[in-house]
1. Which one of these is more than 21 Å from the chain's Cα centre (by Cα) and among the hydrophobic types (A, V, I, L, M, F, W, C): A140, A180, A190, A136?
2. Return yes when A302 is loosely packed, with under 15 Cβ neighbours inside 10 Å and either at pLDDT below 95 or farther than 30 Å from A237 by Cα (or both) and no when it is not.
3. Can S48 be described as surrounded by 22 or more Cβ atoms within 10 Å (Cβ to Cβ), more than 16 Å from the ligand (Cβ to nearest atom) and at pLDDT 95 or above?
4. Pick from the stretch 157-203 the residues that are small (G, A, S), touching a strand residue (DSSP E or B) at 6+ places or on another chain (Cβ under 9 Å) and within 16 Å of the ligand (Cβ to nearest atom): which of them is modelled with the lowest pLDDT?
5. Kindly indicate the residue of the stretch 70-100 that is more than 16 Å from the ligand (Cβ to nearest atom) and part of a loop (DSSP other than H, G, I, E, B) and also surrounded by the most Cβ atoms within 10 Å (Cβ to Cβ) among those meeting that condition.
6. Look at the stretch 273-311 and say how many of its residues are within 12 Å of the ligand (Cβ to nearest atom) and out of contact with any strand residue (DSSP E or B) (no Cβ under 6 Å at 6 or more places or on another chain).
7. Taking the conditions exactly as written (in contact with a helix residue (DSSP H, G or I) (Cβ under 6 Å, 6 or more places away or on another chain), free of Cβ contacts under 8 Å to residues at least 60 places away in the same chain and crowded, with 16+ Cβ neighbours inside 10 Å), does L36 satisfy them or not?
8. Just to be sure I understand the filter: pairs with C-beta atoms under 7 Å, separated by 6 or more residues or on different chains, first member in the stretch 44-61 and polar (S, T, N, Q), second member surrounded by fewer than 19 Cβ atoms within 10 Å (Cβ to Cβ) and in a loop (DSSP other than H, G, I, E, B). Which pairs pass?
Amino acid sequence: MGRIGEHGKLVDIKRGPFDPGGQPTVDSPNDLWLGLFAWNANSGCTASRATLKHPDGGQQIWRWDNASQLLQQADRMGLEFHLAAARWVGHGGDSRFHESFLEALSATPAAAAITENILGLATGHVTYGFHPMHFAKFGATVDHISGGRWGLNIVTGWVADEQAMFGQQFSDHEMRYDMADEFITLVKWAWSSEAPFSFEGDYFTSHGAIVDPKPTRKPRPFLVNAGSSPTGIDFAAKQCDWLFCLGDLRTVRSAADMLEERADAYRRKVESFTFAWLLIADSDAEAEAIYQDIVAEVDEEATDTFLLRGMQGSQSGRTGRTASDIERTFQIPDGVSLRQALGEEQYLATAIGLGGKHIIGGPATVAEQLRELHVAGRQRGIMLSFFDYFDGLTRLQRDVLPILRQMGIRQ
Ligand SMILES: Cc1cc2nc3c(=O)[nH]c(=O)nc-3n(C[C@H](O)[C@H](O)[C@H](O)COP(=O)(O)O)c2cc1C
């Protein structure tokens, strides 16, 4: 840049779809892509005291001694990606669910430095006060350190207590996505523009914006999102390359259909991914017995906090709702626990696996259910979490991947 006070032309595109140079593609020989989720979070995705009995692969996976080994194992196994989640406040309980959490943007370069091929996705809250130019510069830096193996999972936040931590009022759901749309448009300008430019948006302004070096991944690093509302899915269709959707086969298939329809309308290609919680044992009966032990130890305090925060976050435009406001809104009678009100199936779907599909069984059962999600569920990839990540990854590699190879969906 060099010239004092010269801030370049004022750009006019401030919302997606916006793909200067096109979209990045994954280079993988496999039909079904696999990833590792939440290796940076206390207890991973399992709100149960049972994780305390498996400290290294369970409650304490986030510790670098453990996490670094898991990441290297996932890389050696040929998994396509890992995704570091982002949480700023934990949900408590005896399991201290999500209380300790390595921050994703700063942990992914470390992950890149100890791995060779795996793509690292870092979750970043674009609504918590960072400027888009920070993310553009962070991303370009980690892209260089990783040799183009970095991407951003854009989240808009759903936890009022986190916004409070950043001194913010809990903001409206639709506004958060509008903000994300503008945020990421400015990031894309910064990653692609060779000359300084100026941007004057509704939420963000930048004069003389430039990022040098540019990312090595062309046309830019991967952008993913895990929104489940129609607005969230539309945002992914408009601005991202992958969407993570949650639920059973029917739900994820209809999310994939909706995503495809919206992405077509924007003349874009967005891949659909889902998320699953795996418990692999020698046999279906053994896996079921372990599962029942995890259920018996479910951490209700942590699960209730997580659920109540989610209910608060899913309602747009309401601020300052207390737990009892929410209980009234969702018509939960006095003296009835959240577990009773939601029913065992729905409650456990959150407590164990955070809403990801439970895949429990011996190797053949697990492989078949992964195949079903991929083929019948129309999912390009599946992101995995485990009760015990060390045991889970080892069994996946030894017992399940060979079956997926025989099925012809992985090499
Ligand atoms: C697989 C997956 C991973 C997610 N990771 C995070 C995360 O790390 N941090 C976060 O605040 N939200 C996370 N979310 C929440 C989503 O970004 C999103 O807010 C949520 O699905 C609700 O959808 P909506 O924003 O469209 O209402 C995740 C969701 C899914 C399905």
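The values are calculated or read from the model by the stated rules, or taken from the named source; none is laboratory data. Predicted model, so just to flag it, every value in this text is computed and none were measured. Every residue, glycine as well, gets a Cβ built from its backbone with ideal geometry; the counts of neighbours run over all protein chains shown.
1. On the way: A140 fails: more than 21 Å from the chain's Cα centre (by Cα); A180 fails: more than 21 Å from the chain's Cα centre (by Cα); A136 fails: more than 21 Å from the chain's Cα centre (by Cα).
Only one candidate passes the filter, namely A190.
2. Working: loosely packed, with under 15 Cβ neighbours inside 10 Å: no; either at pLDDT below 95 or farther than 30 Å from A237 by Cα (or both): yes.
The answer is no for A302.
3. Values: surrounded by 22 or more Cβ atoms within 10 Å (Cβ to Cβ): yes; more than 16 Å from the ligand (Cβ to nearest atom): yes; at pLDDT 95 or above: yes.
Here the answer is yes, as S48 does meet what is asked.
4. Of the stretch 157-203, the ones small (G, A, S) are 157, 160, 164, 167, 171, 180, 190, 192-193, 195, 198, 201.
Then keep just the ones that are touching a strand residue (DSSP E or B) at 6+ places or on another chain (Cβ under 9 Å); that gives 157, 180, 190, 193, 195, 198.
Pick out the ones that are also within 16 Å of the ligand (Cβ to nearest atom) and you get 157, 180.
Values: G157: 93, A180: 98.
In this case the residue turns out to be G157.
5. S95
6. As a first pass, look at the stretch 273-311 and keep what is within 12 Å of the ligand (Cβ to nearest atom): 273-277, 306, 309-311.
Within this subset, residues satisfying the condition of being out of contact with any strand residue (DSSP E or B) (no Cβ under 6 Å at 6 or more places or on another chain) are 306, 309-311.
Qualifying residue count, the stretch 273-311: 4.
7. Details: in contact with a helix residue (DSSP H, G or I) (Cβ under 6 Å, 6 or more places away or on another chain): yes; free of Cβ contacts under 8 Å to residues at least 60 places away in the same chain: no; crowded, with 16+ Cβ neighbours inside 10 Å: yes.
Answer is no for this residue.
8. Qualifying pairs under 7 Å: S48/E297.
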